[in-house]
Amino acid sequence: MRDPLPSLPGYALRRAANATAAQLASRLAPLGLRQSDVSVLILVAENTGVTASQIGRALDIQRANMVPLLNRLEDAGLIARKPLDKKSFGLSLTAAGKKQLAAAREVVEAFEADLIARVPEQHRDHLLPALEALWR
């Protein structure tokens, strides 16, 4: 069957994104984490006291999806919420969260190394700038 779809950049990008997301998900599964969980843990670790709305904006996660994600991380003992004012809570990692994030970073770093190794060497320096041009 003739398939013209792979010649379309948007299609190719979507296929690559789906494939790599599935690969990372399978590597994070033994830790009981999802990619969104790890993204939140990384941002909280780098920005102690950050609010849920700030995390949601940074990751493009809607409030309706942010609440259960944070509840799941809090129920797992990975993050803590501290009231900042009457409406906002600052987020921080717990000791268990720091430990879990360290394990997740090892998985992510190995995944990223494997991912970049699959890109032809002459294109590696251009990969991130090209991708960032599409979403920034």
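The values are calculated or read from the model by the stated rules, or taken from the named source; none is laboratory data. In this text the structure is predicted, and so the values were computed from the model without any measurement. Cβ coordinates were reconstructed from backbone atoms using ideal geometry, including for glycine residues, and neighbour counts include every protein chain displayed. Please note that ligands, DNA and RNA were not included when accessible areas were found on the heavy atoms of the full protein model with its side chains. Shrake-Rupley method; radii C 1.70, N 1.55, O 1.52, S 1.80 Å.
Restricting region 89-112 to residues that are without any contact (Cβ under 8 Å) to a residue 60 or more places away in the chain and either over 18 Å from residue 73 (Cα atoms) or among the basic types (Lys, Arg) (or both), which is most open to solvent (accessible area, probe 1.4 Å)?
To start, the set of residues in region 89-112 that are without any contact (Cβ under 8 Å) to a residue 60 or more places away in the chain comprises 89-99, 102, 106, 109, 112.
This time we only want the ones that are either over 18 Å from residue 73 (Cα atoms) or among the basic types (Lys, Arg) (or both), so: 98-99, 106, 109, 112.
Working: 98: 128, 99: 158, 106: 131, 109: 118, 112: 90 Å².
Out of the qualifying residues, it is 99.
Listed residues 42, 116; which is out of contact with any Cys (no Cβ under 7 Å at 6 or more places or on another chain), touching a residue at least 24 places away in the same chain (Cβ under 8 Å), within 26 Å of residue 27 (Cα to Cα) and in a helix (DSSP H, G or I)?
Values: 116 fails: touching a residue at least 24 places away in the same chain (Cβ under 8 Å).
That would be 42, the only listed residue that is out of contact with any Cys (no Cβ under 7 Å at 6 or more places or on another chain), touching a residue at least 24 places away in the same chain (Cβ under 8 Å), within 26 Å of residue 27 (Cα to Cα) and in a helix (DSSP H, G or I).
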Requested in this report: Only residues in region 50-61 that are within 15 Å of residue 85 (Cα to Cα) count as the first member; pair them with residues that are surrounded by 15 or more Cβ atoms within 10 Å (Cβ to Cβ) and among the β-branched types (Val, Ile, Thr), Cβ under 9 angstrom, at least 6 apart or cross-chain, and list the lot.
Outcome: 50/44
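Can you tell me which residue in region 1-29 is surrounded by the most Cβ atoms within 10 Å (Cβ to Cβ), limited to those that are of a type in the set (Lys, Arg) and either touching a residue at least 24 places away in the same chain (Cβ under 8 Å) or assigned to a helix (DSSP H, G or I) (or both)?
Within region 1-29, the subset of a type in the set (Lys, Arg) is 2, 14-15, 27.
When the remaining residues are screened for being either touching a residue at least 24 places away in the same chain (Cβ under 8 Å) or assigned to a helix (DSSP H, G or I) (or both), the result is 14-15, 27.
Details: 14: 12, 15: 13, 27: 17.
So, considering only residues that are of a type in the set (Lys, Arg) and either touching a residue at least 24 places away in the same chain (Cβ under 8 Å) or assigned to a helix (DSSP H, G or I) (or both), the one surrounded by the most Cβ atoms within 10 Å (Cβ to Cβ) is 27.
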Requested in this report: List every residue pair whose Cβ atoms sit under 8 Å apart, with the two residues 6 or more apart in sequence or on different chains, where the first one lies in region 123-136 and is free of Cβ contacts under 8 Å to residues at least 60 places away in the same chain and the second, anywhere, is surrounded by 10 or more Cβ atoms within 10 Å (Cβ to Cβ).
Outcome: 124/116; 127/116; 127/119
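Scanning region 75-88 for residues that are assigned to a strand (DSSP E or B) and open to solvent by less than 40 Å² (accessible area, probe 1.4 Å), which turns out nearest to residue 32 (Cα to Cα)?
Step one: list which residues in region 75-88 are assigned to a strand (DSSP E or B), which gives 79-83.
Subsequent filtering for residues that are open to solvent by less than 40 Å² (accessible area, probe 1.4 Å) retains 79-80.
Working: 79: 15, 80: 18 Å.
The residue in question is 79.
Please determine, by comparing only the residues of region 30-69 that are among the acidic types (Asp, Glu) and open to solvent by 50 Å² or more (accessible area, probe 1.4 Å), which one is farthest from residue 108 (Cα to Cα).
As a first pass, look at region 30-69 and keep what is among the acidic types (Asp, Glu): 37, 46, 60.
Still in the list and also open to solvent by 50 Å² or more (accessible area, probe 1.4 Å): 46, 60.
Working: 46: 16, 60: 20 Å.
Among those residues, the one meeting the criterion is 60.
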Query raised in the report: Scanning for something more than 15 Å from residue 37 (Cα to Cα), modelled with pLDDT under 95 and not in a helix (DSSP H, G or I), does region 57-74 turn up at least one residue?
Result: no
Report summary line: Note on region 62-88: residues touching a residue at least 12 places away in the same chain (Cβ under 8 Å) and over 29 Å from residue 135 (Cα atoms) are 76, 77, 78, 80, 82, 84
Report task. Give the residue that is nearest to residue 36 (Cα to Cα), with candidates limited to residues of region 100-136 that are within 17 Å of the chain's Cα centre (by Cα) and basic (Lys, Arg). Result -> 105
Requested in this report: For region 76-99, enumerate the residues that are of a type outside the set (Lys, Arg) and either over 17 Å from residue 55 (Cβ atoms) or modelled with pLDDT under 95 (or both).
Outcome: 77, 83, 84, 85, 88, 89, 95, 96
